[in-house]
Amino acid sequence: MTTSSKSDSAQRNKRPKNSGQRQAGGAQRRRARPGDDTGVSPVLARAETAVQKGPLKPANRARFQVAALLLREERARVKMDATLTDSERANEQKRLDGLAGILAKTAARDTSLLSMLGESAPITPAAKALRRDL
């Protein structure tokens with residue numbers, strides 16, 4: 001074998017440097033930010049995904065109702081929080097309005113969920129249990 005053929009085969013077998021690190025770094029970028037797995041967002045995301053898949057099971061209906069309850073509680077907390085500046089309060093309300101929009105669009109896909117959005121809607125035992133677990 002000549003030196004050029006040795007170097008050609010070595011280059012073909014050579015892996016890019018840090019290829020394992022790049023793959024691990026890519027996985028880290030896809031992870032949720034700290035704090036994204038608490039509150040109304042993950043509950044709402046699961047409920048929305050379930051509605052998109054088809055007819056809802058009782059557990060997913062409870063998840064939807066809990067998302068609505070959490071959103072209502074968070075909105076009340078933001079309104080009454082004296083430690084927030086006006087701009088922070090406006091940003092939080094904007095975020096909550098976006099979540100409420102997602103909730104409404106989700107309910108529009110399955111209109112039987114609309115009755116669960118009202119403040120006077122009875123809270124199911126499954127929703128109470130799920131809320132307690134969060």
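Bear in mind that the values in this text are calculations on the coordinates, not laboratory data. It should be emphasised that the depicted structure is a prediction, and the values quoted were computed from it without experimental measurement. Virtual Cβ from ideal backbone geometry, glycine too; neighbours counted across all protein chains shown.
What FRET efficiency do you get for Ala121 and Ala59 if R0 is 30 Å and r is their Cβ-Cβ distance, rounded to the nearest 0.05?
Efficiency at R0 = 30 Å is approximately 0.95.
So what are the ³J(HN,Hα) numbers for segment 113-128, from phi and the Karplus equation (6.51, -1.76, 1.60; θ = phi - 60°), rounded to whole Hz, Gly and Pro as x?
7, 4, 5, 7, 7, x, 5, 8, 5, x, 8, 6, x, 5, 5, 4
According to a simple spin-label model (label point 7 Å from Cα along Cα-to-Cβ), what is the distance in nm between Ala76 and Asp97?
Rounded to a tenth, the inter-label distance reads 2.2 nm.
Kindly count the pairs of lysines across segment 42-133 whose alpha carbons are less than 20 Å apart, treating pairs on different chains or eight or more residues apart as eligible. Display every interim value, and only then the final one.
On the way: Lys53/Lys105; Lys57/Lys105; Lys57/Lys128; Lys79/Lys94; Lys94/Lys105.
Step by step, the pairs that qualify in segment 42-133 add up to 5.
Simple spin-label model, 7 Å along Cα-to-Cβ: Arg131 to Ala104 in nm?
2.2 nm
First measure r as the distance between the Cβ atoms of Leu114 and Arg46, then evaluate 1/(1 + (r/R0)^6) with R0 = 25 Å and state the FRET efficiency to the nearest 0.05.
Values: r = 19 Å, r/R0 = 0.76.
Efficiency at R0 = 25 Å is approximately 0.85.
Please compute the Kirkwood hydrodynamic radius of segment 42-133 from all pairs of different C-alpha atoms, in Å with one decimal. Let's see the in-between values first.
Numbers: mean 1/r = 0.0727 Å⁻¹.
Averaging 1/r across every pair of different Cα atoms and inverting gives 13.8 Å.
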